[in-house]
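Structure record follows, encoded as structure tokens.
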Amino acid sequence: MADQQITCRDCGSSFAFSEGEQEFYASRNLNPPQRCKNCRSARKSERDKKFDAVCAQCGAACQVPFKPRPESEGGRPVLCTACFKASRQAA
């Protein structure tokens, strides 16, 4: 099994998919990567982004992993971590 050259779906650059990586992906039944290392890192950092919000229950400032929408636009109330955990335990 030789190294493969794959074209990144985001930036269009070519990157090597090594023989070792191919074996690793195959052993876990994964599809080959579609993005180069830089584009994968950029997408991962986007997923880790946090947004500022105010807890609808206690009024504390907090950060959440999604962009909150106002309730007038169909958004749901945002809860801080402590209030969220308390509401989950009460349910």
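The values are calculated or read from the model by the stated rules, or taken from the named source; none is laboratory data. Note that the structure is a prediction, hence the values are computed from the model and not measured. Note that each Cβ is placed from the backbone with ideal geometry, even for glycine, and that neighbours are counted across all protein chains shown.
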Top-ranked residue of segment 71-91 - restricted to ones that are part of a helix (DSSP H, G or I) and among the aliphatic types (A, V, I, L, M), ranked as nearest to Cys55 (Cα to Cα)
Ala82
Here are Phe15, Phe24: which of them is outside any loop (DSSP other than H, G, I, E, B) and in contact with a Leu (Cβ under 9 Å, 6 or more places away or on another chain)?
Phe24
If I ask for residues that are surrounded by fewer than 12 Cβ atoms within 10 Å (Cβ to Cβ) and among the hydrophobic types (A, V, I, L, M, F, W, C), which ones from segment 20-53 would you list?
Phe24, Ala26, Leu30
Filter segment 35-76 for residues that are modelled with pLDDT under 90 and over 20 Å from the mean Cα position of the chain (by Cα) and give the result.
Pro70, Glu71, Ser72, Glu73, Gly74, Gly75, Arg76
